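K.L.:
Please find one structure pasted underneath; my questions will follow.
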Amino acid sequence: MKKDLIEPRTLNGFRDYLPAAMIPREQLIETAKSVYRSYGFSPIDTPALEYKEILAGKGGAESDKQMFQFQQGKRDVAMRFDLTVPFARFAAQNINELGIPFKRYHVGTVWRGERPQKGRYREFVQCDFDTIGTTSNSADIETLFIIHDLMVRIGFSDFTIRINNRMILNGLLETLKLESQSTEILRALDKLPKIGSDAVMVEMREQGNLTQEQAEKIISLTTVQGSTAEILNTLEQQLSGNACGEQGVQYLRELFQSVERAGISNERVILDPSIARGLDYYTGTIYETFLNQLPEIGSVCSGGRYDNLAERFTTQELPGVGASLGLDRLLAAMQELKLLDEISTPAPILFTQMDQKYTSEYLRLARELRLNGLNVEVYPDTKAIKKQFKYANRHGFKIVITAGANEFDNQEWQVKEMLTGTQTAVKEDDLLEFVTQLLS
């Protein structure tokens, strides 16, 4: 009896990752981990599922709407929508064992039921790093350094990290007596780059119940222009007498002084008072990172300080600061900018098999190269050499090594560079050094 076949398909907003997509993902993740480790951050992991009450209300109403949630038995559970809220629960639960300050990185999958778009899926990986247990501004400054170093290590030079401090925005709202409408105002302000100031003011009036004058004051201060020093001076004047706003300005002064002392280009770190970050839990310095060649794709590494995030889980104060690399969005950008190699193998070297009686020799020498740190694949069959080279081209091998009866008689191997087509006869004793130089 013929079986009914099930159509193989993926859910909308989800995707499979073939080797050509997965290899650069893994490379990017390893780069991120190495940068995090260089600053002393330790790896952790948390469950994909949490009790719904752990996640609900922590990222705002929009995040609650996007959560994947269901009942498991009599329990209300949800899938994590980011890695920061689970980290707050994790820290509150384990802080006595961990001690403070505690620096962690976490690479894991998260889920949001938002509308899929270019570079944005309902299931995606975040690469987070956070410092918890300190309010020191040096932790905020170090977070900026990590974002900068991460972008450089990935291979970017033309990028901008935009910086603001929510204390400035909160101070402004305090002076305007609008603290109770802060959520609606900040969420509207977060849309400024997409919809413009006029539309943002309309949303502030409609959603936050502001007057036109109040909306104009907010837009005026958050869109102030000039050099970093000029913007800070203007903010300081406008917020004079408000302790929260003045403290935010001071923190930003310290940050930009440290950027200059560290030799980081001031073209890469920009003060932008309009940046609000949509999530409700940010309280201090906030960060957004844009690729100058592709700004429309949005921020590829974002974060900020969240001093009150863990208060729902513990009476102990656990202030924190951190950021997250948007892995999938960044990979989509790199693909569009043609920064990814078209390969579907992690091994740059392929051994062909020309004669079955020499199979043990192909396997032996390939293993010797692996023992010296090289990734090597051996083609499994003695098919026509043309088919083996077609396989090499399709998967993006950089070097193909061949040997038949004549080569074995002469104790040498034919080494072909696939990019240039150059082929060289190399003695076995010299093979390791020769291919290592080619790859470097």
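K.L.:
So what's the angle, to the nearest 10 degrees on a 0 to 90 scale, between helix 137-154 and the longest Cα principal axis of the chain?
P.N.:
30
K.L.:
Taking K and R as +1 and D and E as -1, what net charge do the other residues with C-beta under 14 Å from the C-beta of Arg370 add up to?
P.N.:
0
K.L.:
Taking the range 241-303, which chymotrypsin sites (Phe, Trp or Tyr not before Pro) meet the DSSP loop condition and have no more than 15 other C-beta atoms within 10 Å?
P.N.:
Here no chymotrypsin sites (Phe, Trp or Tyr not before Pro) fit, given the DSSP loop and packing criteria.
K.L.:
Could you sort out which of Lys387/Lys416; Lys2/Lys387; Lys103/Lys194 sit more than 26 Å apart by Cα distance in this structure?
P.N.:
Check vs 26 Å cut-off fails for Lys2/Lys387; Lys103/Lys194.
K.L.:
Please name whichever of Ile231, Phe313, Gly303 sits farthest to the positive end of the charge dipole of the range 229-325, dipole taken about the Cα centre and charges placed at Cβ: Lys and Arg +1, Asp and Glu -1.
P.N.:
Checking the options against the dipole of the range 229-325, the answer is Phe313.
K.L.:
Kindly provide the trypsin sites (Lys or Arg not before Pro) of the range 351-440 that DSSP labels as loop, not H, G, I, E or B, and whose Cβ sees at most 15 other Cβ atoms within 10 Å.
P.N.:
Those that pass, being in a loop and sparsely packed, are Lys383.
K.L.:
Given 0.36 nm per residue, what is the gain on full extension from Asn266 to Gln423 after removing their alpha carbon distance, in nm?
P.N.:
Length difference between fully extended and current span is 51.8 nm.
K.L.:
Also, I was wondering about something else. Compute the Cα gyration tensor for the range 349-439, then decide on rounded, prolate or oblate, letting a ≥ b ≥ c be the square roots of its eigenvalues: rounded whenever a/c is under 1.5, prolate when a/b is larger than b/c in the other cases, and oblate in all that remain.
P.N.:
Judged from the Cα gyration tensor, the range 349-439 comes out rounded (a/c under 1.5).
K.L.:
What net charge is computed for the residues neighbouring Thr345, neighbours being all others with C-beta under 13 Å from the C-beta of Thr345, Lys and Arg scored +1, Asp and Glu -1?
P.N.:
Neighbour charge sum, excluding Thr345 itself: -2.
K.L.:
What value in Å³ per residue do you get for the convex hull of the alpha-carbon atoms in the range 158-262?
P.N.:
Cα-based convex hull of the range 158-262, divided per residue, equals 106 Å³.
K.L.:
Suppose each label sits 7 Å from its Cα in the direction of the beta carbon; what would the Arg37-Lys191 distance come out to in nanometres?
P.N.:
4.4
K.L.:
Given a 10 angstrom Cα cut-off, can you work out which residue in Thr134, Thr109, Thr359 is the most mobile in a GNM of the chain?
P.N.:
Among Thr134, Thr109, Thr359, the largest mean-square fluctuation in the Gaussian network model of the chain belongs to Thr359.
K.L.:
Ok, one more. Count the DSSP beta bridges whose two residues both fall in the chain, then state the antiparallel fraction as a percent rounded to the nearest 5.
P.N.:
Bridges in the chain are about 80 percent antiparallel.
K.L.:
Can you give the net charge of the other residues whose Cβ lies under 14 Å from the Cβ of Thr285, counting K and R as +1 and D and E as -1?
P.N.:
So the surrounding residues net to -2.
K.L.:
In whole angstrom, how far apart do the alpha carbon centroids of the range 362-440 and the range 178-208 sit?
P.N.:
Computed from Cα coordinates, the inter-centre distance equals 61 Å.
K.L.:
To the nearest Å, what is the center-to-center distance of the range 97-156 and the range 239-313, using C-alpha atoms only?
P.N.:
Each part's Cα centre sits 14 Å from the other's.
K.L.:
Once you put a point 7 Å from the Cα of Glu254 and another 7 Å from the Cα of Asn372, both along the Cβ direction, what distance in nm separates them?
P.N.:
5.3
K.L.:
Mind checking the angle between helix 359-371 and the chain's longest principal axis? C-alpha axes, 0 to 90 degrees, to the nearest 10.
P.N.:
It works out to around 40 degrees.
K.L.:
List the lysines whose Cα lies under 22 Å from the Cα of Lys338, skipping any in the same chain that are fewer than 8 positions away.
P.N.:
Straight-distance partners of Lys338: Lys118, Lys398.
K.L.:
To the nearest 20 debye, what is the magnitude of the charge dipole of the range 349-439 about its Cα centre, counting +1 on the Cβ of each Lys and Arg and -1 on the Cβ of each Asp and Glu?
P.N.:
Here the size comes out at about 580 debye.
K.L.:
How much of the DSSP bridge set in the range 349-439 is antiparallel, in percent, rounded to the nearest 5?
P.N.:
Antiparallel bridges make up about 60 percent of those DSSP assigns within the range 349-439.
K.L.:
Suppose only helical runs count, i.e. DSSP H with n ≥ 4. What mean residue ellipticity at 222 nm does that imply for the chain under -39500 (n - 2.57) per run, divided by all residues and rounded to the nearest 500 deg cm²/dmol?
P.N.:
Theoretical 222 nm ellipticity from helices: -13500 deg cm²/dmol.
K.L.:
Which label marks the calculated value of Cα Rg over 2.2 N^0.38 Å, given the options (i) 1.03; (ii) 1.22; (iii) 0.95?
P.N.:
(ii)
K.L.:
Sort Leu340, Leu18 by heavy-atom solvent-accessible area, probe 1.4 angstrom, most to least.
P.N.:
I get Leu18, Leu340, largest accessible area first.
K.L.:
Turning to a different aspect of this structure: Figure the gain on full extension for Asp158 and Glu206 (residue separation times 0.36 nm, minus the Cα-Cα span) and round it to one decimal in nm.
P.N.:
13.5 nm
K.L.:
Going Cα to Cα from Lys357, which aspartates and glutamates come in below 14 Å? Please leave out same-chain ones fewer than 8 positions away.
P.N.:
The reachable aspartates and glutamates, counting only those whose Cα sits under 14 Å from Lys357, are Asp381, Glu407, Asp409.
The values are calculated or read from the model by the stated rules, or taken from the named source; none is laboratory data. Here the structure is a predicted model, which is why all the values come from computation and not from measurement. Neighbour counts are summed over all protein chains in view; Cβ atoms, including those assigned to glycine, are modelled from backbone coordinates with ideal geometry. Side chains are part of the model used for accessible areas, which takes the heavy atoms of the whole protein and leaves out ligands, DNA and RNA. Shrake-Rupley method; radii C 1.70, N 1.55, O 1.52, S 1.80 Å.
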